[in-house]
Amino acid sequence: MMKLTKREKMMLQLLCGLVILYGYFYLLVGPQLEKLRDLKVEKASSHGVIQEVETSLSSKELLEKEIKKIQQNIEKQNKNYFTTLQQGTILLLLEQWFNAVEIHVPAITFSEYSFETVADVELKGITVTVPFEGQYEALMELLKLIREHEKRIIISQLNINNNLNEIITGSMLLEFYSVRDGVLTEGDNLLIESTPKKVNPFNPFVGYIHEFFNLIEQEKDYSPEYNNNNIFDNSFNNSPVIKDNSNGEVNISKNTKKTVLLNDFETLNTFFVGEPRDIVGTLSLDKQASNGQHSLKLEYDFIRPRQKTSINVVFEGDKIVLDQQPEDLLISVYGFEESQHRISMVLRDAKGKEHIILISPSINWTGWKKLQFKPPLGVSYPAEIKRIFIETESFDATTRSTLLIDQLEAVYNDEHNDIKKVEDSTDVIKYEVKAGDTLFSISRKFYNDPAMRHLIMENNKISDPNQMKVGQILLIPKIK
């Protein structure tokens, strides 16, 4: 065996050390360096993400400032203009004013919507024609209410005629403006896209409620409760009822009383108004009826419990007029579920005063029920039924409901006389209306008192003085 020299031993030791060092670097240090390079790459990538986030946050702050600026401009615009121009809302506002000052307004006319730009702001406008009659002080109070309203309402025209005896007549044009439909208010979010809400008060759910109607139609044949058309309260069923198809009248209690049909709800002649305005609802015709082919279907949602809230079913088109005091009023209502919602009616008399009639203090039945209620005393006839309203108080938990309404009727006794009976008596004078005649001038001519015009209106069933025509024959009652 060959013996290694001292030099060779040193070289061998050095070679072993190099092998050990290379193995340590390859197995331990190399992977750590690779990880370090990967961490550097990840750090660079994360730094880019951080910069993007910081840029987004900076952009969001700028966007929020811009949104706040836009909302401030919107609030400034909303301070002077209405957010929307719904005819039902305008009607209720005007009706509150007319009742507060006791001024008589026979009719209200709305113009078509108009658009104009003022100081780079696009405005939507509508003009309302308001004829009136009453005392001068009442007119001044009405003008004061209009002038002091929080929103800008322009009186573009005012005509006044003095008819003596402190009674004036005339008309005014009121202009209402909104910035645009769907304008944002405080709390709205500009960053979230949402489906526009339907704000049509006549039919807020058009387009997607028909699916529900089809389901109801499919269930009719299988629901004995839904097909029960003869669920009336006992107080009304004690008397025999006979339908006379020739004149639409019903004789009650062996011909001792006569029932006159006021509205059969066969056509959609109503529109929906909620108070406050965020309440939603829809009106439609339904084939489930207490009598006839259709009834009025009312679906409403109070959104949330509140101290006091109400929805209004406002009659439009042909007026529902009571020519004199009925003994009772009747209406059929179908309840789908019981609730504490109160049903009432608003009656406006010949003097323009409104009377609230309670129909039912709660909805404590399901199915059809014929409700019988009495009009108040002290009503000046002829009187017009303006609307039916349903209200809730004291944060009632039931916020959503559905009702069917049908057969609005008035019950008179046998002494209910029409104009023809009055005409046959000797207590009236026939008078032909001439050009230029008004109820004021006719009343002054026969009674020397324009305030007696209500007597002429009652005896001739005149609900609107503006509908009197030249050549019309009036029956002027004699005063003994």
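What to note about this one:
- When GLN340, GLN324, GLN288 are checked against the criterion of being farther than 30 Å from VAL101 by Cβ and more than 22 Å from the chain's Cα centre (by Cα), a single residue qualifies: GLN288.
- Listed conditions (1) of a type in the set (S, T, N, Q); (2) assigned to a helix (DSSP H, G or I); (3) closer than 27 Å to GLU150 by Cα are all met by ASN80, apart from (2).
- Filter result for the condition that a residue is under 26 Å from the mean Cα position of the chain (by Cα) and either under 19 Å from LEU91 (Cα atoms) or in contact (Cβ under 8 Å) with a residue 12 or more places away in the chain (or both), over ILE168, ILE160, ILE153: ILE153
- Selection count, region 369-403, where residues are hydroxyl-bearing (Ser, Thr, Tyr), surrounded by fewer than 19 Cβ atoms within 10 Å (Cβ to Cβ) and in a strand (DSSP E or B): 1
- Scanning region 296-312 for residues that are surrounded by fewer than 21 Cβ atoms within 10 Å (Cβ to Cβ) and closer than 17 Å to THR89 by Cα turns up just one, SER310.
- Unique residue being modelled with pLDDT of 85 or more, within 60 Å of the chain's Cα centre (by Cα) and closer than 30 Å to ASN312 by Cα when the list is LEU85, LEU91: LEU91
- Scan region 282-331 for residues that are among the aliphatic types (A, V, I, L, M), in a loop (DSSP other than H, G, I, E, B) and within 30 Å of ASN460 (Cβ to Cβ) and the total you get is 1.
- Residues of region 399-443 classified as at pLDDT 80 or above and not aliphatic (A, V, I, L, M), total: 17
- Qualifying residue in region 324-342 (condition: in contact with a strand residue (DSSP E or B) (Cβ under 8 Å, 6 or more places away or on another chain), among the aliphatic types (A, V, I, L, M), farther than 23 Å from LYS369 by Cα and crowded, with 19+ Cβ neighbours inside 10 Å): no
- Residue in region 130-144 that is farthest from the chain's Cα centre (by Cα), counting only those that are in contact (Cβ under 8 Å) with a residue 12 or more places away in the chain and assigned to a helix (DSSP H, G or I): TYR136
- Only a single item in (1) at pLDDT below 90; (2) farther than 17 Å from THR398 by Cα is not met by ASP301, and it is number (2).
- Index of the failed condition, GLN293 passing every other in (1) within 23 Å of the chain's Cα centre (by Cα); (2) surrounded by fewer than 21 Cβ atoms within 10 Å (Cβ to Cβ): (1)
- Taking region 105-125 as the range and being touching a residue at least 60 places away in the same chain (Cβ under 8 Å) and surrounded by fewer than 18 Cβ atoms within 10 Å (Cβ to Cβ) as the test, the residues that pass are PRO106, ALA107.
- Applying a threshold of 6 Å to beta carbon distances and a minimum spacing of six or more residues, or different chains, the list of pairs starting in region 385-407 at a residue that is not assigned by TED's automatic domain parsing to the domain that holds PHE265 and ending at one that is modelled with pLDDT of 90 or more and among the hydroxyl-bearing types (Ser, Thr, Tyr) is empty.
The values are calculated or read from the model by the stated rules, or taken from the named source; none is laboratory data. Quick caveat, the model's predicted, so the values are computed rather than measured. Ideal geometry is used to build each Cβ from the backbone, glycine not excepted, and the neighbour counts take in all protein chains shown.
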